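Peer 1: After the structure tokens below, expect a handful of questions from me.
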Protein chains: 2
Amino acid sequence: MPQNTENSIGIVETQYFNFDRLVLESGKELADVTVAYETYGKLSEAKDNAVLIVHAFTGDAHAAGFHKGDDKPGWWDNMIGPGKAFDTDKYFIICSNVLGGCSGTTGPSSINKKTGKPYALEFPVITIVDMVAAQKKLIDFIGIKKLLSVAGGSMGGMQVLQWAVSYPESVASAIPIATTMKHSPQQIAFNEVARQSIMGDVAWNNGNYYDKGQPERGLAVARMVGHITYMSDKSMEEKFSRNLKDKAYSFSFASDFEVEGYLRYRGDSFVRRFDANSYLYITKAMDYFDVSGKKFVHEAKKKDINFLVISFKSDWLYPSYQSEEIVKQLKLKGYNATYIEIKSTYGHDAFLVEADDETRIIKHFLERAHKEASNV
Amino acid sequence: MPQNTENSIGIVETQYFNFDRLVLESGKELADVTVAYETYGKLSEAKDNAVLIVHAFTGDAHAAGFHKGDDKPGWWDNMIGPGKAFDTDKYFIICSNVLGGCSGTTGPSSINKKTGKPYALEFPVITIVDMVAAQKKLIDFIGIKKLLSVAGGSMGGMQVLQWAVSYPESVASAIPIATTMKHSPQQIAFNEVARQSIMGDVAWNNGNYYDKGQPERGLAVARMVGHITYMSDKSMEEKFSRNLKDKAYSFSFASDFEVEGYLRYRGDSFVRRFDANSYLYITKAMDYFDVSGKKFVHEAKKKDINFLVISFKSDWLYPSYQSEEIVKQLKLKGYNATYIEIKSTYGHDAFLVEADDETRIIKHFLERAHKEASNV
């Protein structure tokens, strides 16, 4: 049963935008690019109400509403819809799948037209800069000169910051959530462990597995590590404690504890929806990302972008000190930045869960940004 | 070059103690058990100066001094020797490899005399209770009725607590360091990820790999995850920051960052010294361990054991709140417990690194315990 159908944007459909070529940060060129995207709400005549939602690591273009026949709404449906934080009665919302992904946008599992086979490791290493460049082409295609806002959590937050660096004249406001200006060595280390787990699975076969099936075991382990980092010590205690699946210890290597069963389940279901090579490419893009020391707006347009930076108290994967560092860098350079740390026990997952607090904060911020944008 | 040879106990040798059978916590029986152990210093005539050192997860009996021809001393050499925290001029130090291990004590890689082949998964699942029971047999064999102290960090600390529960009349004092009364779901989750990584490697072959070679890739990934949890966000920043191995990004899946190279190196060197099945058995023993709610000394002998509980500020694998919980439980029941949280940025590794602070604290504690023990 669809939940919240009352405030839902309803049935939505993924659309596809194609363009000829993209010159990448590495210097390489990618030809025949498709971007999967969805839009909700209506673009105003002045085209001043467009908000770009950018997704986290394993997200996709389906941020809100329901695909025909689906019971589960998009990944940020609690935030996007009539009367919600990203109010579809007021704003025109766009969300696209990232470059390198596996949910409609061109990535390593896509067919390379030159060979007629999936790219696999022939796909060039892409960066957050490239992801945002592909989004810019989409925005141009839709005919939007300046976005009212760009918003997203985790890797979405990196894209938000990159928008402000790459296309400052095209963004009125920016909402980076639970994110960082650059990965710390610990964050790189967790990603490297995931990559080694995938590449260490013999089924990975140097990336050429599309005719034989995924490196499921390696990818599942990578996802299990991820899940630990998305939760907090406390949220795991609240959800699982030391609860056993059966009455007593099995004295075997079966799952004894509920938390073990949960991780195995999440790992196993993940491999049915996500491409192992995309996991490699996207984690590498996150590790390479570094906008520390970069200019966030053109010198001539200082203070043009309003920033709302949000972090969560129990998030140890993207700890609050990293958001505080973003705010500090912005303030030191004289930009307008508001910072809020939301109290939550959910860890990094909080940005997907704590919709009430996020809504209260984002709603007012967007209204003010919209008013300012209309007055210009 | 041996370091610190001046304060070193010098050349030492591993010894072996055999016994016929051990009835395990699971109810199963293990026959023909060997325990590898080392001793340093001299047992006093009153036999009241014996200190048992219990090792962490992948440690061994070689805690101090040098094996003939070796350049590297034992794993806690900075704490054990003449004039050191565990002063070999005063105390008789014993350290044994845990049951289930792979450094001389019987474990899954040992030959099962009944079949003439390594046990592999025929080895029974063992617990911290069983590890301590094997140590008790060793102590009895050496002829010690009551240990002056039992001390150890991490899984060593679990054994310390288990000694106080299983054999309260045989322990005068106890020093659990950087440990817990029971694993939290997050701690279980990290162990489960490691087990899945090993068991997901096709080379694991349901544990039967002794004629073909270890599941190296799965075991290396398990160890890499471990290393992240042993360090702190801050110590990784101090050691690696975002330093690159080469001058620029490789735009490939090679190791770009120093932290990646370090993890790969540690993973690869670990598989040459540790048995994958031992990794499974010992992590399971840690996950099963739970002395919360257990009596720490016989009712009739309340206050018999003096506890010194130590934790480290940046340790997020065994956070201070777990040590505080140990102290709280002990105090609530009227036992004598001292607690110290040492400031350190080294994370869980601190218990091996912060020898100066540990020495100052442990030295006085042991002297008082020795005085009390001699006066009885």
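The values are calculated or read from the model by the stated rules, or taken from the named source; none is laboratory data. Predicted model, so just to flag it, every value in this text is computed and none were measured. Here the Cβ is made from the backbone with ideal geometry for all residues, glycine too, and neighbour counts use every protein chain on show.
Peer 1: Which is on the phi > 0 side of the Ramachandran plot and at pLDDT 95 or above, of A:GLY107, A:GLY156, A:GLY143? Steps first, answer last, please.
Peer 2: Numbers: A:GLY107 fails: on the phi > 0 side of the Ramachandran plot; A:GLY156 fails: on the phi > 0 side of the Ramachandran plot.
Result of the check over A:GLY107, A:GLY156, A:GLY143: A:GLY143.
Peer 1: Output yes when any residue across region B:258-270 is under 22 Å from the mean Cα position of the chain (by Cα), small (Gly, Ala, Ser) and in a helix (DSSP H, G or I), and no when none is. Walk me through it before giving the result.
Peer 2: Step one: of region B:258-270, the residues under 22 Å from the mean Cα position of the chain (by Cα) are B:263, B:266-270.
If we keep only those that are small (Gly, Ala, Ser) as well, we get B:267, B:269.
Still in the running and in a helix (DSSP H, G or I): B:267, B:269.
So far as region B:258-270 goes, yes, one or more of its residues are under 22 Å from the mean Cα position of the chain (by Cα), small (Gly, Ala, Ser) and in a helix (DSSP H, G or I).
Peer 1: Here is a list of conditions, (1) within 14 Å of another protein chain (Cβ to nearest Cβ); (2) within 20 Å of the chain's Cα centre (by Cα); (3) aromatic (Phe, Trp, Tyr), and B:PHE86 meets all of them except one; can you say which number that is?
Peer 2: It fails just one condition, (1).
Peer 1: Report whether or not A:ILE139 is within 30 Å of A:PHE365 (Cβ to Cβ), within 14 Å of another protein chain (Cβ to nearest Cβ) and not hydroxyl-bearing (Ser, Thr, Tyr). Spell out the reasoning first.
Peer 2: Details: within 30 Å of A:PHE365 (Cβ to Cβ): yes; within 14 Å of another protein chain (Cβ to nearest Cβ): no; not hydroxyl-bearing (Ser, Thr, Tyr): yes.
Judged against the criteria, A:ILE139 is not a match.
Peer 1: Could you tell me which residue of region A:268-312 is nearest to B:HIS183 (Cα to Cα), considering only residues that are touching a helix residue (DSSP H, G or I) at 6+ places or on another chain (Cβ under 6 Å), within 14 Å of chain B (Cβ to nearest Cβ) and among the small types (Gly, Ala, Ser)?
Peer 2: A:ALA276
Peer 1: Now for a different question. With the requirement that a residue be in contact with a helix residue (DSSP H, G or I) (Cβ under 8 Å, 6 or more places away or on another chain) and of a type in the set (D, E, K, R), what does region A:62-90 give you?
Peer 2: Matches in region A:62-90: A:LYS84, A:ASP87, A:LYS90.
Peer 1: I would also like to ask the following. Please go through region B:20-31 and pick out each residue that is over 23 Å from B:ALA164 (Cα atoms) and either in a loop (DSSP other than H, G, I, E, B) or among the aromatic types (Phe, Trp, Tyr) (or both).
Peer 2: Across region B:20-31, the qualifying residue is only B:LYS28.
Peer 1: Quick check on B:ALA63: is it at pLDDT 95 or above, part of a loop (DSSP other than H, G, I, E, B) and under 30 Å from B:THR180 (Cα atoms)?
Peer 2: Working: at pLDDT 95 or above: yes; part of a loop (DSSP other than H, G, I, E, B): yes; under 30 Å from B:THR180 (Cα atoms): yes.
The answer is yes for B:ALA63.
Peer 1: Moving to a separate point now. Test of understanding: among A:MET224, A:MET286, A:MET231, A:MET236, which residue is touching a Leu at 6+ places or on another chain (Cβ under 9 Å) and in contact (Cβ under 8 Å) with a residue 12 or more places away in the chain?
Peer 2: On the way: A:MET286 fails: touching a Leu at 6+ places or on another chain (Cβ under 9 Å); A:MET231 fails: touching a Leu at 6+ places or on another chain (Cβ under 9 Å); A:MET236 fails: touching a Leu at 6+ places or on another chain (Cβ under 9 Å).
The match here is A:MET224.
Peer 1: Restricting attention to region A:179-226, which residues are of a type in the set (Ser, Thr, Tyr), facing chain B (nearest Cβ under 7 Å) and surrounded by 23 or more Cβ atoms within 10 Å (Cβ to Cβ)? Let's see the steps before the verdict.
Peer 2: First, the residues of region A:179-226 that are of a type in the set (Ser, Thr, Tyr): A:179-180, A:184, A:197, A:209-210.
Still in the running and facing chain B (nearest Cβ under 7 Å): A:184, A:197.
Across region A:179-226, the qualifying residue is only A:SER197.
Peer 1: Something else: Condition check: within 14 Å of chain B (Cβ to nearest Cβ), outside any strand (DSSP E or B), among the aliphatic types (A, V, I, L, M) and surrounded by 15 or more Cβ atoms within 10 Å (Cβ to Cβ). Does A:LEU366 satisfy that? Give the derivation first.
Peer 2: Numbers: within 14 Å of chain B (Cβ to nearest Cβ): no; outside any strand (DSSP E or B): yes; among the aliphatic types (A, V, I, L, M): yes; surrounded by 15 or more Cβ atoms within 10 Å (Cβ to Cβ): yes.
In short, no.
Peer 1: Would you check if B:SER292 is touching a residue at least 40 places away in the same chain (Cβ under 8 Å) and crowded, with 21+ Cβ neighbours inside 10 Å? Step through it out loud before you land on a result.
Peer 2: Working: touching a residue at least 40 places away in the same chain (Cβ under 8 Å): yes; crowded, with 21+ Cβ neighbours inside 10 Å: no.
Taking the combined requirement at face value, the residue does not satisfy it.
Peer 1: Exactly one of these conditions fails for B:PRO319: (1) touching a residue at least 24 places away in the same chain (Cβ under 8 Å); (2) buried (at least 19 other Cβ atoms within 10 Å of the Cβ); (3) farther than 30 Å from B:TYR209 by Cβ. Give me its number.
Peer 2: Against the list (1) touching a residue at least 24 places away in the same chain (Cβ under 8 Å); (2) buried (at least 19 other Cβ atoms within 10 Å of the Cβ); (3) farther than 30 Å from B:TYR209 by Cβ, B:PRO319 comes up short only on (1).
Peer 1: Tell me yes or no: at least one residue of region B:322-332 is in contact with a strand residue (DSSP E or B) (Cβ under 6 Å, 6 or more places away or on another chain), at pLDDT below 95, surrounded by 16 or more Cβ atoms within 10 Å (Cβ to Cβ) and part of a helix (DSSP H, G or I).
Peer 2: Checking region B:322-332: at least one residue is in contact with a strand residue (DSSP E or B) (Cβ under 6 Å, 6 or more places away or on another chain), at pLDDT below 95, surrounded by 16 or more Cβ atoms within 10 Å (Cβ to Cβ) and part of a helix (DSSP H, G or I).
Peer 1: Looking only at region A:91-118, which residues are buried (at least 21 other Cβ atoms within 10 Å of the Cβ), free of Cβ contacts under 8 Å to residues at least 60 places away in the same chain and out of contact with any helix residue (DSSP H, G or I) (no Cβ under 8 Å at 6 or more places or on another chain)?
Peer 2: Matches in region A:91-118: A:PHE92, A:ILE93, A:CYS95.
Peer 1: Is it the case that region A:32-39 has a residue that's touching a residue at least 24 places away in the same chain (Cβ under 8 Å) and not in a strand (DSSP E or B)? Working first, answer last.
Peer 2: Let us first name the residues in region A:32-39 that are touching a residue at least 24 places away in the same chain (Cβ under 8 Å), namely A:32-39.
Restricting the remaining residues to those that are not in a strand (DSSP E or B) gives none.
Looking through region A:32-39, none of the residues is touching a residue at least 24 places away in the same chain (Cβ under 8 Å) and not in a strand (DSSP E or B).
Peer 1: What number of residues in region B:124-173 are assigned to a helix (DSSP H, G or I) and either more than 18 Å from the chain's Cα centre (by Cα) or not aromatic (Phe, Trp, Tyr) (or both)? Break it down stepwise before answering.
Peer 2: Of the residues in region B:124-173, the ones assigned to a helix (DSSP H, G or I) are B:128-142, B:155-166, B:168-170.
Adding the requirement that they be either more than 18 Å from the chain's Cα centre (by Cα) or not aromatic (Phe, Trp, Tyr) (or both) leaves B:128-142, B:155-162, B:164-166, B:168-170.
Residues that pass the stated criteria total 29.
Peer 1: Considering only residues that are crowded, with 24+ Cβ neighbours inside 10 Å and either of a type in the set (Val, Ile, Thr) or within 14 Å of chain A (Cβ to nearest Cβ) (or both), which ones fall in region B:142-170?
Peer 2: B:VAL150, B:VAL160 - these are the residues of region B:142-170 that are crowded, with 24+ Cβ neighbours inside 10 Å and either of a type in the set (Val, Ile, Thr) or within 14 Å of chain A (Cβ to nearest Cβ) (or both).
Peer 1: If I go through region B:341-376 residue by residue, how many of them are of a type in the set (A, V, I, L, M, F, W, C), over 16 Å from B:ILE175 (Cβ atoms) and modelled with pLDDT of 95 or more?
Peer 2: Taking region B:341-376 first, the residues of a type in the set (A, V, I, L, M, F, W, C) are B:342, B:350-353, B:355, B:361-362, B:365-366, B:369, B:373, B:376.
From what is left, the residues that are over 16 Å from B:ILE175 (Cβ atoms) are B:353, B:376.
Applying the additional criterion that residues be modelled with pLDDT of 95 or more yields B:353.
Within region B:341-376, residues that are of a type in the set (A, V, I, L, M, F, W, C), over 16 Å from B:ILE175 (Cβ atoms) and modelled with pLDDT of 95 or more number 1.
Peer 1: Scan region A:233-267 residue by residue and report those that are under 23 Å from B:TYR318 (Cα atoms), of a type in the set (Gly, Ala, Ser), buried (at least 18 other Cβ atoms within 10 Å of the Cβ) and at the interface with chain B (Cβ under 8 Å from one of its Cβ atoms).
Peer 2: Listed by number, the list holds a single entry, A:SER255.
Peer 1: Turning to a different aspect of this structure: Looking at (1) in contact with an Asp or Glu (Cβ under 6 Å, 6 or more places away or on another chain); (2) closer than 16 Å to B:THR14 by Cβ, find the lone condition where B:THR105 falls short.
Peer 2: Condition not satisfied by B:THR105: (1).
Peer 1: Going by what's in this entry, would A:ASP71 be described as assigned to a loop (DSSP other than H, G, I, E, B), closer than 24 Å to A:LYS145 by Cα and of a type in the set (Asp, Glu)? Give the steps one after another, and end with the answer.
Peer 2: On the way: assigned to a loop (DSSP other than H, G, I, E, B): yes; closer than 24 Å to A:LYS145 by Cα: no; of a type in the set (Asp, Glu): yes.
Considered against the rule, which asks whether it is assigned to a loop (DSSP other than H, G, I, E, B), closer than 24 Å to A:LYS145 by Cα and of a type in the set (Asp, Glu), A:ASP71 comes out as no.
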